[in-house]
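Nothing in this text is a laboratory measurement; each read-out follows from the coordinates by a stated rule. Treat the numbers as computed from the prediction; the structure is a model and nothing was measured. Every residue, glycine as well, gets a Cβ built from its backbone with ideal geometry; the counts of neighbours run over all protein chains shown.
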Amino acid sequence: MAVQIGAKPDSGFDNPIGMLVDCHRRIERFLQILCVVAERAHGRKLADGEKMAVEDALRYFRTGGRRHTADEEESLFPRLRAAEGACGLEELNGLESDHDQADEMHAAVDALYTKWIATGGLDSDDPLEMERLLSSTRRLKLLYEAHIKVEEGSVFPRAAETLDKGTIAEIGREFAERRR
């Protein structure tokens, strides 16, 4: 990923909640690429720059996106549930459901973009492929907007207040281990 001069440096493993927020910014940037390219390149072969940007975005969601979900579902959410009991359980269940829905939409987007890159276009076999790609990217964007709003507005602040420093450090170690 390119470094932007003057940009806030990403959080480290000593600040796993900050890492999750940083990851949200990457999700938003890569999702924006997938949405914009689908809208602007409709009906034509992708330009080399578009193709590279889409491939980077797809690769991010295949690796970084899955790791982010594991960070939440395997490290943060269980500890928050343990610390809070039933409080917020429905909210966390909803976020996990969002992850499942996002996985399904990402699979569709990935398959359609992969075909577009490989064949130079969509709609050759199925006239609705482009519409499915546009619909899936738009739905992903809406899902992530709501999902991130809940996490950053409620869940992450609660975790920062509720979880002790030792637990936060343990979560950071698990994040690090996932990246080895």
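Key figures
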item: Additional length obtainable on full extension of the chain from Glu131 to Ala169, 0.36 nm per residue less Cα span; result: 9.2 nm
item: Interatomic Cα distance distribution for region 12-64, bins of 10 angstrom, percent; result: 24, 43, 22, 10, 2
item: Nearest 10 degrees, 0 to 90: helix 165-178 Cα axis against the chain principal axis; result: 30 degrees
item: Calculated over the chain: convex hull of Cα atoms, volume per residue (Å³); result: 122 Å³
item: Dimensions (Å) - region 39-144, Cα atoms, principal axes, largest first; result: 52, 23, 20
item: Loop trypsin sites (Lys or Arg not before Pro), region 34-94, which have at most 14 other Cβ atoms in a 10 Å radius of their Cβ (DSSP); result: Arg44, Lys45
item: Principal-axis tilt of helix 16-40 within the chain, Cα atoms, nearest 10 degrees; result: 10 degrees
item: Distance between region 31-80 and region 134-180 - C-alpha centres, whole angstrom; result: 16 Å
item: Calculated [θ] (222 nm, deg cm²/dmol) that DSSP helices of n ≥ 4 give over the chain, each run adding -39,500 (n - 2.57); result: -23000 deg cm²/dmol
item: GNM result for the chain, Cα springs below 10 Å: residue of Glu152, Glu161, Glu170 fluctuating most strongly; result: Glu161
item: Using alpha-carbon coordinates, inclination of helix 89-119 to the longest axis of the chain, degrees; result: 30 degrees
item: Lysine pair number, Cα distance threshold 21 Å (strictly under), the chain, separation 8 or more or different chains; result: 5
item: Estimated distance in nm for a label pair at Arg25 and Glu161, the labels positioned 7 Å out from Cα along Cα-to-Cβ; result: 2.5 nm
